[in-house]
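Peer 1: Pasting in a structure now, in structure tokens, and then I'll have a few things to ask.
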Amino acid sequence: MKQLYFGILATGMIWTGCSAPSAPANTSGPEAFPEFDGASVQVYTTAAGSAERMNKGSDKSFTASGQPVETEIAVFVNPAKTYQTMQGIGGAITDASAEVFAKLSADKQEELLKAYYDPTAGIGYTLARTNIHSCDFSSASYTYVTDEDKALGTFSIEHDRMYRIPLIKRAIAAAGGKLPLFVSPWSPPAFMKTNHDMLHGGKLIPEFRDAWALYYAKFIKAYEAENIPVWGLTVQNEPMATQTWESCIYTAEEERDFLRDHLGPTLEREGLGAKKIIVWDHNRDLLAHRAFTILEDPEAAKYVWGVGFHWYETWTGGDPMFANEGVVKQAYPDKELIFTEGCAESFDSTHYQYWPNAERYGRAMINDFNQGTAGWTDWNILLDEEGGPNHVGNFCFAPVHADTHTGALIYTPAYYYIGHFSKFIRPGAVRVSTSSSRSPLLATTFKNDDGAYVTVVMNHTGEAIDYKLQLFGQAVTLQIPGHAIQSLLYRPS
């Protein structure tokens with residue numbers, strides 16, 4: 001274990017060392033939250049280089065604590081300051097996930113469902129996403145209408161009844177009968193596009209705007225006829241990316257106008273006006289520009305529930321643009337932020353246990369929540385031993401993989417890192433003001449409806465760190481291993 005302390009002594013000399021000088025006593029002044037005095041803290045830990053995977057350690061207790069000093073490391077929580085309400089945390093049920101799931105034995109299928117959706121035996125996912133017809137994580141491109149059917153008279157979701165619909169229904173049941181689902185299109189049918197191809201970008205031909213808007217409504221109604229409630233939808237997956245797979249380009253103005261003049265009115269006319277519409281659904285880099293363009297138009301903004309984003313702006317090696325989320329939330333506090341997709345790219349089966357993939361999740365989730373994000377959705381919940389299936393070879397990691405040759409399920413560290421949030425932070429929880437006194441520790445806090453607090457702390461260094469969890473005059477001393485994440489559960493005594 002390594003502890004680094006630095007400070008200025010009373011003599012004015014700079015002091016460094018491997019142990020801290022004694023903190024000055026400070027027992028004067030009122031305690032802001034005396035109800036936490038003696039309260040128990042449950043500590044769950046996942047750590048690299050060990051067998052700890054959401055393991056519960058010994059309970060600790062808050063005790064009276066005086067003025068913190070700069071030579072100590074602390075995570076400060078202020079229960080009096082609260083922010084956004086949690087919508088949910090989950091992952092996408094794609095064609096690929098459903099096709100791999102169908103290859104599992106009955107007992108492994110049950111294991112996977114419990115692992116993801118059971119809040120006691122698993123990590124308690126409470127949110128899901130799925131694709132409107134095909135995406136890259138489908139075995140082939142397909143739509144729900146025949147070619148050139150401009151009136152959508154042939155619309156049918158028969159394709160999805162083979163794999164995807166059965167898995168979504170089982171996931172809903174495993175989650176206790178409720179699993180909010182939002183849906184996203186990757187591309188209109190080829191005949192509706194300027195390049196006459198579902199792949200390689202292209203744009204929606206103006207004459208098909210109403211037909212394409214009606215397509216969303218037909219999909220939602222068809223799924224709800226299957227007893228799969230649809231909570232919301234995004235306008236377009238990654239609208240600024242020309243991909244080798246299903247894709248379609250919208251400028252900010254084009255997305256605004258399609259939503260304002262076609263999609264929004266169509267959903268209202270079809271009795272679907274209460275569905276939550278999410279715009280952008282792409283990376284953090286252009287997040288503010290897209291939000292400004294759409295939300296400054298009141299006729300478009302009235303249809304918008306929130307702004308969705310991915311994390312792939314880091315593909316060039318740059319830093320995640322977390323601050324862009326805060327800019328949007330500050331500008332439009334009545335609109336929500338939601339992380340709609342992320343995964344570790346460049347699949348390599350020798351890297352299932354590659355710890356930086358997990359830390360990418362932990363870093364993103366803590367920072368996204370601290371910037372005001374209300375929901376967080378991973379990409380595929382399950383992929384095979386090749387990182388697919390994927391009809392264009394765009395293979396990637398999932399938190400859980402299945403070896404379809406042996407039937408085994410492989411849990412990656414990312415599964416546990418996500419679980420430190422999804423298992424303990426439940427829908428309806430409110431975020432509580434939290435800060436860390438040192439950059440090696442990232443932290444966020446939520447208060448659940450039942451009054452329980454959850455502080456998630458991540459150490460992205462290789463050394464163990466002693467720290468205090470401090471609520472004004474109450475504190476508990478803890479240790480987090482190197483390359484580890486902890487969930488701290490506590491409630492007023």
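The values are calculated or read from the model by the stated rules, or taken from the named source; none is laboratory data. A quick note: this is a predicted structure, and the numbers were derived from the prediction, not measured. Methodologically, a virtual Cβ is constructed for each residue, glycine included, from the backbone with ideal geometry; neighbour enumeration extends over all protein chains shown.
Peer 1: Within region 327-377, count every residue that is closer than 21 Å to residue 129 by Cβ, of a type in the set (Ser, Thr, Tyr) and not in a strand (DSSP E or B).
Peer 2: Residues in region 327-377 being closer than 21 Å to residue 129 by Cβ, of a type in the set (Ser, Thr, Tyr) and not in a strand (DSSP E or B): 1 in total.
Peer 1: Quick one: which residue in 293, 266 is in contact with a Leu (Cβ under 9 Å, 6 or more places away or on another chain) and among the β-branched types (Val, Ile, Thr)?
Peer 2: After applying the criteria, what remains is 266.
Peer 1: Among the residues of region 445-461, are any farther than 20 Å from residue 372 by Cα and part of a strand (DSSP E or B)?
Peer 2: For region 445-461, residues farther than 20 Å from residue 372 by Cα and part of a strand (DSSP E or B): present.
Peer 1: Tally up the residues in region 221-251 that are in a loop (DSSP other than H, G, I, E, B), crowded, with 18+ Cβ neighbours inside 10 Å, in contact (Cβ under 8 Å) with a residue 60 or more places away in the chain and among the hydroxyl-bearing types (Ser, Thr, Tyr), please.
Peer 2: Counting residues in region 221-251 that are in a loop (DSSP other than H, G, I, E, B), crowded, with 18+ Cβ neighbours inside 10 Å, in contact (Cβ under 8 Å) with a residue 60 or more places away in the chain and among the hydroxyl-bearing types (Ser, Thr, Tyr) gives 1.
Residues are listed down the side, and each one gets a yes or a no for (1) charged (D, E, K, R); (2) under 22 Å from residue 158 (Cα atoms); (3) not assigned by TED's automatic domain parsing to the domain that holds residue 134:
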{"residue": "195", "(1), (2), (3)": "no, no, no"}
{"residue": "210", "(1), (2), (3)": "yes, no, no"}
{"residue": "217", "(1), (2), (3)": "no, yes, no"}
{"residue": "226", "(1), (2), (3)": "yes, yes, no"}
{"residue": "229", "(1), (2), (3)": "no, yes, no"}
{"residue": "250", "(1), (2), (3)": "no, no, no"}
{"residue": "253", "(1), (2), (3)": "yes, no, no"}
{"residue": "263", "(1), (2), (3)": "no, no, no"}
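Peer 1: Something else about it: It is to be established whether one or more residues within region 144-167 are at pLDDT 95 or above, hydrophobic (A, V, I, L, M, F, W, C), in contact with a Ser or Thr (Cβ under 6 Å, 6 or more places away or on another chain) and closer than 26 Å to residue 387 by Cβ.
Peer 2: no
Peer 1: With respect to residue 62, determine if the residue is under 23 Å from residue 472 (Cα atoms), of a type in the set (Phe, Trp, Tyr) and touching a strand residue (DSSP E or B) at 6+ places or on another chain (Cβ under 9 Å).
Peer 2: yes
Peer 1: Say whether the condition of being over 21 Å from residue 282 (Cβ atoms), more than 18 Å from the chain's Cα centre (by Cα) and of a type in the set (S, T, N, Q) is met by at least one residue in region 355-377.
Peer 2: Scanning region 355-377, I find no residue that is over 21 Å from residue 282 (Cβ atoms), more than 18 Å from the chain's Cα centre (by Cα) and of a type in the set (S, T, N, Q), so the answer is no.
Peer 1: On to the next question. Could you list, in sequence order, all residues of region 378-408 that are closer than 22 Å to residue 45 by Cα and part of a strand (DSSP E or B)?
Peer 2: The initial filter retains those residues of region 378-408 that are closer than 22 Å to residue 45 by Cα, namely 378, 398-400.
Those that are closer than 22 Å to residue 45 by Cα and part of a strand (DSSP E or B): 378, 400.
Peer 1: Pick from region 425-444 the residues that are in a strand (DSSP E or B) and of a type in the set (Val, Ile, Thr): which of them is surrounded by the most Cβ atoms within 10 Å (Cβ to Cβ)?
Peer 2: Let us first name the residues in region 425-444 that are in a strand (DSSP E or B), namely 430-436, 441-444.
Adding the requirement that they be of a type in the set (Val, Ile, Thr) leaves 430, 432, 434, 444.
Details: 430: 14, 432: 20, 434: 23, 444: 25.
Here the residue is 444.
Residues checked against (1) modelled with pLDDT of 95 or more; (2) in the same structural domain as residue 295 (by TED's automatic domain parsing); (3) hydrophobic (A, V, I, L, M, F, W, C); (4) surrounded by 20 or more Cβ atoms within 10 Å (Cβ to Cβ):
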site	(1), (2), (3), (4)
334	yes, yes, no, no
340	yes, yes, no, yes
348	yes, yes, no, no
357	yes, yes, no, no
369	yes, yes, yes, yes
381	yes, yes, yes, yes
393	yes, yes, no, no
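Peer 1: Conditions: (1) part of a helix (DSSP H, G or I); (2) in contact with a Leu (Cβ under 8 Å, 6 or more places away or on another chain); (3) aromatic (Phe, Trp, Tyr); (4) over 14 Å from residue 258 (Cβ atoms). Residue 191 meets all but one. Number of the miss?
Peer 2: (2)
Peer 1: Return the residues of region 140-172 that are acidic (Asp, Glu) and assigned to a loop (DSSP other than H, G, I, E, B); say none if nothing qualifies.
Peer 2: 147, 148, 149
Peer 1: If a residue must be more than 23 Å from the chain's Cα centre (by Cα), among the charged types (D, E, K, R) and in a loop (DSSP other than H, G, I, E, B), how many such residues does region 267-290 contain?
Peer 2: 1
Peer 1: Ok, one more. For region 252-292, how many residues are more than 26 Å from residue 392 (Cα to Cα) and in contact (Cβ under 8 Å) with a residue 60 or more places away in the chain?
Peer 2: 2
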